[in-house]
Amino acid sequence: MTIAVSTLAPIGENRPGAEWWRSAVIYQVYPRSFADANGDGMGDLAGVTAHLDDLVSLGVDAIWLSPFYPSPQNDAGYDVADYCDVDPRFGTLADFDRMLYAAHDRGIRVVVDLVPNHSSSEHEWFQAALAAGPGSPERARYLFRDGKGEHGELPPNNWVSVFGGPGWTRVPEADGTPGQWYLHLFDVTQPDFDWTNPEVHEFFKNVLRFWLDRGVDGFRVDVAHGLAKDGELPDTIISDDPSMGGGEHVAPYWGQEPVHDIYREWNAVLREYDGDRALCAEAWLPTVDETALWVRSDEMHQAFNFPYLTTKWDADDLREVISESLRAYPAVGAPATWVLSNHDVIRHATRLALTADTPRDGGIGPRTEARPIPGLGQRRARAATTLMLALPGSAYLYQGEELGLPEAVDLTDDVRQDPTWFRTNGEKYGRDGCRVPLPWTADAPAFGFNDTGASWLPQPDEWARFARDAQEDDPASTLWLYRTLLANRRQYGLGAGSIEWLSGYPSDVIAVRNGDVTVVVNLGSEPVVLPAGTLVVASEPLAGGALPADTAVWLLAG
Ligand code: GLC
């Protein structure tokens, strides 16, 4: 059903101007876990609408919503069964329109998630492909292939699923005999589209138009580095030869050249619309320079800066990735972006102080060697955000980080839902620990996530102290820190600024000036003497005018 929405509310006073995405602070709403208006234990769009004023008082410019489309929810909605509707668990299209109107009315832009690498196996196209059989146009929308071996009993190549296990699954044909195989780089219920098929291109251009017509301000594009596969579907090469990636998989599906044509096509679709609509790439690529290829001027507008997210709490490493980012993105005409947390990684209030290294995609849980060092994690996270929000460009926040939420590390095995957990037989915990529903009210069922007490993942008891209402009036809280940072970032125009590195500090100190604001971050263990100046904000109390370890400060030149 299509409702023409011509009722776009005027954007309020605080809406950033032209090319808003260049400097915007964009807050990721993970709808399942944000706020649950109907009390079924899973968040919904009405819950988002009900809390928009809290996002206004936080001071963000835009929200990005993770998928809320009809889905069997095998990968928390990243398995889409219908791209142009709302899953009843999250509400209706009318709820979406109300949310969009209410957000715009408050000056908040709305970005939605687009999942074009794969659909759900429940999508009508995939069901039609199964029914139609080998060689049919229906199968040609996905990557069906005959198997290898005498009877086609071996998969077409050695590709594996990102979530663990094989990347191919064999289907029975109409007569019940084992038949072709289909590719799924993620869960078995997430078949990959064949992006060499023009029908797939047309389909997604229409999906873009459907949401653009409703008034969305942009799209976060899921797995934006994976849509195009090497046409020959060659084996992944695993090599120790450094020139082949040094023990890394050389995967013939990440970052293939034809993927860029897709974004050129989409860029043209967005240009049919007024109002600065934007595309943001979720492209997990190892370097800033590679990521910058996704934001050349005729492609996407932003790409998540995952090289920044994955940088350790180390002054030299951070200086390097910041310099690289401020060189590489502007070199192609794009803003740098910054991000520390999202729904796929260990929350940075935990990640930045662990007792052992842990792989990005593994998650942590009761049996992992890596354990959090709680006080230190919170402290570093506050300092890290204080640095991030001083940097020019656009910054992404993940719901709950403004409360200082840690990873929920001690979820029991029986409540876990991430496909990674199942596909690795519990070897990897996966991402549930960063997806636990938000605590709004310390003294309420489900900490105010809803009023029934239901919660699709259990909230740790200790989260009462992180509840938003417990922080509202506490100037020492993380919520206050975020509000203060965001208000001053806006006041001093830091997002549109540029930085100058300051010398004269120890090597484990980062010191930069962005316009009127001097930022000093102490990653060492000794207190650092601060220059003269007026204090704007500090991530921890200062000790007699000095900057303690794992603390960051903004000063106005004295
Ligand atoms: C992206 C999403 C992640 C999802 C995957 C498959 O990485 O952020 O949550 O599982 O794509 O869609």
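Worth pointing out:
- Unique match (being within 16 Å of the ligand (Cβ to nearest atom) and either surrounded by fewer than 17 Cβ atoms within 10 Å (Cβ to Cβ) or at negative phi (or both)) among 66, 136, 57: 66
- Residues that are among the small types (Gly, Ala, Ser), touching a helix residue (DSSP H, G or I) at 6+ places or on another chain (Cβ under 9 Å), touching a residue at least 12 places away in the same chain (Cβ under 8 Å) and within 14 Å of the ligand (Cβ to nearest atom) are absent from region 88-107 altogether.
- Number of positions in region 69-82 that are of a type outside the set (Val, Ile, Thr) and within 13 Å of the ligand (Cβ to nearest atom): 9
- Residue among 477, 498 that is surrounded by fewer than 16 Cβ atoms within 10 Å (Cβ to Cβ) and among the polar types (S, T, N, Q): 498
- So residue 417, is it under 28 Å from residue 280 (Cα atoms), among the polar types (S, T, N, Q) and open to solvent by 10 Å² or more (accessible area, probe 1.4 Å): yes
- Number of positions in region 79-90 that are open to solvent by 10 Å² or more (accessible area, probe 1.4 Å) and closer than 19 Å to residue 192 by Cβ: 2
- The residue that is nearest to the ligand (Cβ to nearest atom), among those in region 417-435 that are in a helix (DSSP H, G or I) and closer than 21 Å to residue 29 by Cα, is 419.
- For first residues located in region 420-444 and under 26 Å from residue 397 (Cα atoms), partners that are within 11 Å of the ligand (Cβ to nearest atom) and not in a loop (DSSP other than H, G, I, E, B) and lie 6+ apart or on another chain with Cβ distances below 6 Å form the pairs 428/420; 430/420.
- Annotation note: of 362, 375, 404, the sole residue that is over 19 Å from residue 321 (Cα atoms) and within 16 Å of the ligand (Cβ to nearest atom) is 362.
- Which listed residue is acidic (Asp, Glu), closer than 21 Å to residue 80 by Cα and open to solvent by less than 20 Å² (accessible area, probe 1.4 Å), from 97, 113: 113
- Residues of region 260-317 classified as part of a helix (DSSP H, G or I), open to solvent by 20 Å² or more (accessible area, probe 1.4 Å) and within 21 Å of residue 206 (Cα to Cα), total: 5
- For region 200-210, the count of residues that are polar (S, T, N, Q), away from the ligand (no atom under 16 Å from the Cβ) and within 18 Å of residue 69 (Cα to Cα) is at least one.
- Index of the failed condition, residue 396 passing every other in (1) touching a residue at least 24 places away in the same chain (Cβ under 8 Å); (2) open to solvent by 40 Å² or more (accessible area, probe 1.4 Å); (3) not in a helix (DSSP H, G or I): (2)
- Taken over region 273-293, the criterion of being within 16 Å of the ligand (Cβ to nearest atom) and of a type in the set (Phe, Trp, Tyr) is satisfied by 284 alone.
- The single residue among 345, 339, 321 that is over 24 Å from residue 34 (Cβ atoms) and either open to solvent by 20 Å² or more (accessible area, probe 1.4 Å) or at pLDDT 95 or above (or both) turns out to be 321.
- The single condition from (1) more than 16 Å from the ligand (Cβ to nearest atom); (2) within 25 Å of the chain's Cα centre (by Cα); (3) part of a loop (DSSP other than H, G, I, E, B); (4) more than 21 Å from residue 208 (Cβ to Cβ) that residue 157 fails is (2).
A quick yes/no check of all residues on (1) among the acidic types (Asp, Glu); (2) in a loop (DSSP other than H, G, I, E, B); (3) open to solvent by less than 10 Å² (accessible area, probe 1.4 Å):
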| residue | (1), (2), (3) |
| --- | --- |
| 175 | yes, yes, no |
| 182 | no, no, no |
| 187 | yes, yes, no |
| 195 | no, yes, no |
| 210 | no, no, no |
| 220 | no, no, yes |
| 224 | no, yes, yes |
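- Filter result (modelled with pLDDT of 50 or more and either acidic (Asp, Glu) or surrounded by fewer than 24 Cβ atoms within 10 Å (Cβ to Cβ) (or both)) within region 1-26: 17, 18, 19, 20, 22, 23, 25
- Considering residues of region 69-91 that are within 15 Å of residue 121 (Cβ to Cβ) and either among the small types (Gly, Ala, Ser) or not in a loop (DSSP other than H, G, I, E, B) (or both) only, the residue nearest to the chain's Cα centre (by Cα): 77
The values are calculated or read from the model by the stated rules, or taken from the named source; none is laboratory data. Note that the structure is predicted; figures quoted are calculated from it, not measured. Note: ideal-geometry Cβ built from the backbone for every residue, glycine included; neighbour counts use all protein chains shown. Just the protein is used for accessible areas: all its heavy atoms, side chains included, with ligands, DNA and RNA removed. Shrake-Rupley method; radii C 1.70, N 1.55, O 1.52, S 1.80 Å.
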